[in-house]
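Here's the structure we're looking at; comments come further down.
Throughout, read-outs are computed from the coordinates displayed, never taken from laboratory work. Being a predicted model, the structure only gives us computed values, none of them experimental. Here the Cβ positions follow ideal geometry from the backbone for every residue, glycine too, while neighbour counts run over all protein chains shown.
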Amino acid sequence: MALELAGFRIRERRKQMELTQSGLAKAVGISPSYLNLIEAGKRNIAGGLLNRLAAALDLDAETLAGTTERRVIDDLREMAADPRLKAARLPEQGAQDLVARHLDWAQSMLALYRAYVDQAETVSALSDRLSRDPFLGDLIHQVLTHITALRSVSEILENVDDMPAQQRQRFQGMMTEESAKLSDVAQALTDVFQVPEAHTRSVTPAEEVDDFLIERRNHFPELEAAAAGLRREVERQGETMMSALIDYLDRRHGISVVNRGRTAAEAPTGERFRNHCRFDPETRTLMFLDNASISTRRFQLARVAAELTLGDAIAREIDDPRLSSEAARNQAFRALASYAASAVLLPYESFLEDAVSCRYDIEVLRQRYAASFEQVAHRLITLRRRGEEGIPFAFLRSNPAGHATKRFPLPGLPLPRYGHACPLWAIYQSFQTPDRVVRQLAEFPDRGRFLFIARTVTKQPATFHEPPVLHSVMLACEAVHADATVYADGLDLSAREMAARVGASCRLCPRIECLQREEESIVRSPAL
């Protein structure tokens, strides 16, 4: 949580309600001096105290915690890390102050910055095409050639008064011919620049979906209820979940499930078999590659069942202005179909009960539910039902190049929207020890502490010619929750020397002595 932001909101709301510090402190069961520290941004609030303050101030706990504002602050700081803004020397505290007092101005500034990035990336993309695309270079050369010819002919016609009529007619024919050629080349050039690749957007459909899920806390009560009903219906079809799903798809939707291998010739067209499967709506066939794991088969069967059975419920959820394009809505539909599939296979109540009883041991949960590490991690970040919440986790998935392919942040733990995170994070260390869980107690420059849990996940190849696809998946929670997990066993959470001293990213980290630093920091260095 942003301490100053929450404190500012509490102070402003208290004054608005004409409450004294003593009166509010008494109502929530703390001392006036402690409330003064909270309002000054010098003490954190969470759990019961957060709920009591929210109730006393007639605010929602999420509003008081400032989840939306925290994300805007993180985006502003990421904007400040842009090398193009280096000369501005933007103060780190300024983002927090701006959001606390003028959230709408901050959001408008981000919108303008993203529009600027859109245009810069579009110009860069077109510049790359101009310099590297031989076809485009040839077209431009033709344009210049035809313009030069037209200019030469027009100058001759303009300057020679006594030109014979037959010769003048020949030159006029040359002008007509060159004009037609120039028109054809110009049309070809226009077609080149109208292709979708000529325009790039800083806020992609995937990022719109990310923002949509984060705003909804990645929890959808209506889908949970619908998925529970679907699970009951499926369970009536067979003894095991996989056979029951196959029978359900056959009887309810007329879908047959088949297995097939991928030949070496088909290997490069992997998009046809995304996640080792492909659904053909025309033939009503769900095809799995032979190398698809049991957990993948179960999940994809449940996902297709959710798309077909719960499509209306999913459509209602994605009817949201934050999803501004058809591409974003289609991607959100797939994301919520996967959410529903997870709810079918890992039902909320029993999964939460098992997670608490085994202290969030992902290995135990994946075996108990025949799920993959990533599937269990995804489900853990959806346990946000009010009154029945699990540990609040952040989620990050990265490829070996360091690119974040999925993200779900926490207040106080910004995850990179663009570029790389701190190279000291466990998510990158896990690539050095594949297939083993890496735990890490991490301390940030603001003294915030988090427990990181990371492991590599591998999608096995279907043929000899196809390389395996490797990612690393990481969960993170505040250190205050670490004792509730098996991953804190043997760690002295109170000893500062036990924690790895990390940052968000090089440009947003003031640890100037860090040996891993790749870029100059834009934030001032506190006493670390």
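Details
- Computed magnitude of the charge dipole of the chain (debye, nearest 20; Cβ of K, R +1, Cβ of D, E -1): 1500
- Once the Cα-Cα distance is subtracted from the 0.36 nm per residue extended length, the Met498 to Thr190 segment shows a gain of 104.8 nm.
- Measuring r between the beta carbons of Arg252 and Ala27 and using R0 = 51 Å, the FRET efficiency lands at 0.40.
- Computed P(r) (all Cα pairs; region 205-345; 5 Å bins; percent): 2, 10, 19, 20, 19, 15, 11, 5, 1
- Three principal axis lengths of the chain [C-alpha, angstrom, descending]: 105, 61, 47
- The trypsin sites (Lys or Arg not before Pro) of region 446-487 that DSSP puts in a loop, and whose beta carbon has at most 13 other beta carbons within 10 Å, are Arg447.
- Rounded to the nearest 5, the antiparallel percentage of DSSP beta bridges internal to the chain is 80%.
- Cα pair distances of region 325-375 binned at 5 Å [whole percent]: 5, 19, 23, 20, 11, 9, 8, 4, 1
- Think of it as helices only: each DSSP H run of n ≥ 4 in the chain is worth -39500 (n - 2.57), and spread over all residues that comes to -16000 deg cm²/dmol at 222 nm.
- Among Val209, Val376, sorting on how many other beta-carbon atoms sit within 10 Å of each Cβ, with the fewest leading, yields Val209, Val376.
- Cα-based reach from Lys406 at 25 Å (exclusive), listing lysines while leaving out same-chain residues under 8 positions away: Lys459
- Gyration tensor analysis over the Cα atoms of region 388-478 returns equivalent ellipsoid semi-axes of 25, 13, 13 Å (largest first, whole Å).
- Relative contact order of the chain, defined on C-alpha pairs under 8 angstrom at six or more residues apart (%): 11
- Relative protection proxy for 503-512, 103-112, 244-253, 296-305, from highest mean packing down: 296-305, 503-512, 244-253, 103-112 (other beta-carbon atoms within 10 angstrom).
- Inter-label distance, Tyr34 to Arg216: 3.8 nm, where each label sits 7 Å from its Cα along the C-beta direction.
- Distance (nanometres) between label positions extended 7 Å along Cα→Cβ at Val486 and Thr148: 7.5
- Modelled this way, with points 7 Å down the Cα-to-C-beta line, the labels at Gln166 and Arg284 are 7.9 nm from one another.
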